[in-house]
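All remarks here apply to the structure that follows.
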Amino acid sequence: MREEEYRVLIVDDDPEMCQLLSDVLRGEGFSVTSLDDSLEASKVLKKEEFDVIITDLKMRGIKGLDLLEEAGKTAPLTPVIIITAFGTIESAIKAMKMGAYDYITKPFQMDELLLIVKKALENRLLKRDVVRLKKEVESRYQFHQLIGKSPSMQKVYDLIERISDTSSNVLITGESGTGKELVAKAIHYNGIRKEAPFIAVNCAAIPETLLESELFGYKKGAFTDAKTDKKGLIFEAHEGTLFLDEITEMPLTLQAKLLRVIEGKEVRPLGDTHSYPVDVRVISASNRDVRSLIQQGRFREDLYYRLKVIDIELPPLRERREDIPLLGRHFIDRFNRELRKNISGISEEALRCLLNYSWPGNVRELENVIQRAITLSQHGVILPEDLPVFVVQEGEEDLVERALREKYTIEQLERDYIRRVLTEVGGNKSRAAEILGLDRKTLYRKLQET
Ligand SMILES: Nc1ncnc2c1ncn2[C@@H]1O[C@H](COP(=O)(O)OP(=O)(O)OP(=O)(O)O)[C@@H](O)[C@H]1O
Ligand SMILES: [Mg+2]
């Protein structure tokens, strides 16, 4: 311990005692502030931070117990040592109950006091470390609702942090269930627009004609059912964020209209002769390969560039397996609460299954698997028997190892290997054929045989 850095506050209305304690502690290398006026001490406590506080209980002005209470509020991590006169042990006990670190009865040996001070300091450093570590863990492994410590997720957090206070449009791509909507919300709620609305529209879920009137709004009489004026969702998102989910499902005619909104920053409701200014940040999301849709003429290239001023690609869960235990823990805590269960964790064997499985449905699939396991579990922990069969079979063990143990024929091994590769690439048969070194026809034939 390098005492010279540590600061001790001594409060005692007996100036001689103050002097004595200061001399001893300074002799040990502490930096000491000693005050014989407890009122003054209370003021100093609000302004300065100490590593240890030593205070008498019985004083004129503010009493030791009140000072203790104040210290508990302004410096909860600083240990307080109480000095009490012989015969007032009850008040010392009361002080301990209120959170004092320790007490010492007058008269005492200086060695005795020094020992307590040093122990108190160690205790404080330990507590401070715990708080610091906890903060570090929270900030590194979690960002808003997003969980993940993998380098690729850390990059996503960094990017969100950097773009939140801008109004640039963002395109988020990634397989189904990778957290695109969560990222969109994190961008909105982390940035300057957070007080304004976040309006989410799923372009795949709303029929074409409805989507147009929902987004742009309409004037009374614009069409048969338009009985009154209606404000469009783009206006609802004014000064906030418009989240267009599954943007590739937007019909080409609407894509053209959206492009005009983004370029002109104004909206013309259906049946209206005027356009009205609007200020929105557009965040869009897609789980499809937008480039190939552009090539097929199903998505406008000019709109694409307007939407992806910033692009965020969310990696599939199988490419960041180190996040699985953390996500598992997060979902266990959540479903314990929701389902009023008390599952403590995942058995080693079950965790191995989760780590080896390919997760074609990504985080959403993991979420469902954990929910199901918590519902089914009859033991305190999640066991392989609580997991779906396909997760266990696939994640169970090394394929070659199992083949050896169960004496597989080449055909059996081939069949399982093909299945594994297929799940690995999320069911994409062309990609699987490429990995397997087969042409697509042969792959189809082999799949049919199995
Ligand atoms: N990093 C993460 N941390 C915690 N929960 C996550 C994470 N990623 C996804 N989830 C959870 O997984 C589920 C799916 O996430 P979300 O709806 O954001 O995915 P998506 O990419 O929009 O999927 P889809 O393409 O199918 O719409 C949600 O319940 C979400 O809370
Ligand atoms: Mg989504």
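Values in this text are rule-based calculations from the coordinates and carry no lab data. This one's a predicted model, so the numbers in the text were calculated from it and none came from an experiment. Positions of Cβ are generated from backbone atoms using ideal geometry, with glycine treated the same way; all protein chains shown enter the neighbour counts.
Observations on the model:
- Ordering 446, 407 by the number of other Cβ atoms within 10 Å of each residue's own Cβ, fewest first, gives 407, 446.
- Here is how the number arises for the chain: DSSP H runs of 4 or more residues each give -39500 (n - 2.57), the sum is divided by the residue count, and the result at 222 nm is -15000 deg cm²/dmol.
- Segments 154-164, 61-71 sorted - mean Cβ within 10 Å per residue, highest first: 61-71, 154-164
- Here the Gaussian network model covers the chain, with springs between Cα atoms less than 10 Å apart; of 193, 60, 268, 60 fluctuates the most.
- Counted by Cβ distance under 12 Å from residue 440, the other residues give a net charge of +3, where Lys and Arg count +1 and Asp and Glu count -1.
- Eligible aspartates and glutamates near residue 43 by straight Cα distance, threshold 16 Å, same-chain separation 8 or greater: 12, 13, 66, 69, 70
- The lysines whose alpha-carbon is closer than 19 Å to the alpha-carbon of residue 94, local same-chain residues fewer than 8 away aside, are 58, 63, 73, 106.
- Burial order of peptide ranges 218-231, 314-327 (average beta-carbon count within 10 Å, highest first): 314-327, 218-231
- Mean separation of Cα contacts under 8 Å (6+ apart) over length of segment 1-122, as relative contact order %: 22 percent
- Spatially proximal lysines relative to residue 118 (Cα-Cα < 16 Å; intrachain offsets below 8 disregarded): 127
- Restraint check, 194/308; 185/230; 180/230; 180/219, Cα-Cα greater than 24 Å: 185/230; 180/230; 180/219
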